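So the structure is just underneath, and the comments pick up after that.
The values are calculated or read from the model by the stated rules, or taken from the named source; none is laboratory data. Keep in mind the model is a prediction, meaning the values are calculated, not measured. Here the Cβ positions follow ideal geometry from the backbone for every residue, glycine too, while neighbour counts run over all protein chains shown.
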């Protein structure tokens, strides 16, 4: 019995369905990688934005391939409202490369960091970026932002679509499609830029210049409008003043003229009217009996 019991116990263990921890299956429904050279500093800003598939059980450990020498990484799970949940993460290196590993608590994720591929003092800027996915990606895209002030901007693969964002900066879409687990996507960028100012610095300077120009233009406009209003009302006042002075002169002249004339003008006085002959119209004396011209008898009238 002592020998049989251990054998029976071993048989029970072998027949039991024993489960061991396994890595959860992860697939990515959308992944967009943005490369923004010299956006807010002299380096290249890299951003991964996307979401895992709906059948992925959360929370889940997830990893993303990044370049060696990563500077200032920012890793977060993103809620539906856009809030970022910052959990601890690790940057690891194995035979497959360098990657960021963290626990994803929401379906959406955001990862960003900087790397510096440029040689100081060189105006011909060239860099390449390579991304190798650990998971299947249904919808993958690469886009590169063109630095403000850059000339002869080119990408490989060639951009198939360009658009401007709300700041007026041009973005070049260079890749779109799906990726199989383990697949790698590369992009190369080249351009000429002599200025050390970042795109944001140029935008801020342009906005300040616009603000100063707007203030000056507004001041000049206000001055011109004020000058026009002053000129208009000034001329109107002068016209009114001339009319008033002319009216005053006319009144004064009329007052002087009326002062030299009688207040009433006599146009007829019956006691001074001479007598006339009713027959010929000749003038006759007041007490005459006959008209001295025609001899007509005046007493009969």
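Is one or more of the residues making up the stretch 173-191 assigned to a loop (DSSP other than H, G, I, E, B), more than 29 Å from residue 134 (Cα to Cα), in the same structural domain as residue 96 (by TED's automatic domain parsing) and under 28 Å from the mean Cα position of the chain (by Cα)?
Taking the stretch 173-191 as the starting set, the residues that turn out to be assigned to a loop (DSSP other than H, G, I, E, B) are 180-183.
Subset that is more than 29 Å from residue 134 (Cα to Cα): none.
No, that holds for no residue.
Residue 206: closer than 30 Å to residue 168 by Cα, at pLDDT 70 or above and outside any helix (DSSP H, G or I), yes or no? Give the steps one after another, and end with the answer.
Values: closer than 30 Å to residue 168 by Cα: yes; at pLDDT 70 or above: yes; outside any helix (DSSP H, G or I): no.
Here the answer is no, as residue 206 does not meet what is asked.
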| Residue check, residue 153 touching a residue at least 24 places away in the same chain (Cβ under 8 Å), under 19 Å from residue 197 (Cα atoms) and outside any strand (DSSP E or B) | no
Only one of (1) loosely packed, with under 11 Cβ neighbours inside 10 Å; (2) modelled with pLDDT under 90 does not apply to residue 96, and that is (1)
Out of (1) surrounded by fewer than 17 Cβ atoms within 10 Å (Cβ to Cβ); (2) out of contact with any strand residue (DSSP E or B) (no Cβ under 6 Å at 6 or more places or on another chain); (3) modelled with pLDDT of 95 or more, the one residue 154 does not meet is (2)
Residue 148 passes all but one of the listed conditions (1) part of a loop (DSSP other than H, G, I, E, B); (2) closer than 16 Å to residue 66 by Cα; the exception is number (2)
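Which of the residues that make up the stretch 72-91 are in a strand (DSSP E or B) and either surrounded by 12 or more Cβ atoms within 10 Å (Cβ to Cβ) or at pLDDT 95 or above (or both)?
Narrowing the stretch 72-91 to residues in a strand (DSSP E or B): 72-78, 84-85, 89-91.
Correct list: 73, 74, 75, 76, 77, 78, 84, 85, 89, 91.
Inspect all residues belonging to the stretch 222-234 and state whether any of them is assigned to a helix (DSSP H, G or I), under 30 Å from residue 34 (Cα atoms) and at pLDDT 75 or above.
No, there is no match, as no residue in the stretch 222-234 is assigned to a helix (DSSP H, G or I), under 30 Å from residue 34 (Cα atoms) and at pLDDT 75 or above.
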